[in-house]
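Okay, here's the structure, questions in a sec.
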Amino acid sequence: MRFSVTGNEGFDRAQACLGGVYGGEIDEMTMRSKKQKNLWVCGEAIDLCGECGGYNLHFAFASGMIAGENL
């Protein structure tokens, strides 16, 4: 089946939306900023949006662990 998107509910009802630090500016092995010394970025602070179903939460927790291990 095919479905056409006819609109959305706006930011007030969004489960996830983009915005934050561009992912290309972050070392994904350490979550450290490539542009700013002594800055680690993780979770919702990164411009990244996964599909619904826990992927965004998983990324937030996993990236937080990576950042914490590399401080």
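The values are calculated or read from the model by the stated rules, or taken from the named source; none is laboratory data. Just so it is clear, the structure is predicted and the values come from calculations on it, not from any experiment. Because the Cβ atoms are built from the backbone with ideal geometry, glycine has one as well, and the counts that use them run over all protein chains shown. Protein only, heavy atoms only, side chains kept; ligands, DNA and RNA dropped before computing areas. Shrake-Rupley method; radii C 1.70, N 1.55, O 1.52, S 1.80 Å.
Quick check, is residue 20 among the small types (Gly, Ala, Ser) and open to solvent by 50 Å² or more (accessible area, probe 1.4 Å)?
Yes.
Hey, could you check region 23-70 for residues that are touching a strand residue (DSSP E or B) at 6+ places or on another chain (Cβ under 8 Å) and of a type in the set (Ser, Thr, Tyr) and say which is surrounded by the most Cβ atoms within 10 Å (Cβ to Cβ)?
63
Name the single residue, out of those in region 1-38 being part of a loop (DSSP other than H, G, I, E, B), more than 25 Å from residue 64 (Cα to Cα) and not aliphatic (A, V, I, L, M), that is nearest to the chain's Cα centre (by Cα).
The qualifying residue nearest to the chain's Cα centre (by Cα) is 10.
Within the group 44, 51, which residue is touching a residue at least 24 places away in the same chain (Cβ under 8 Å), of a type in the set (Asp, Glu) and either part of a loop (DSSP other than H, G, I, E, B) or closer than 25 Å to residue 11 by Cα (or both)?
44
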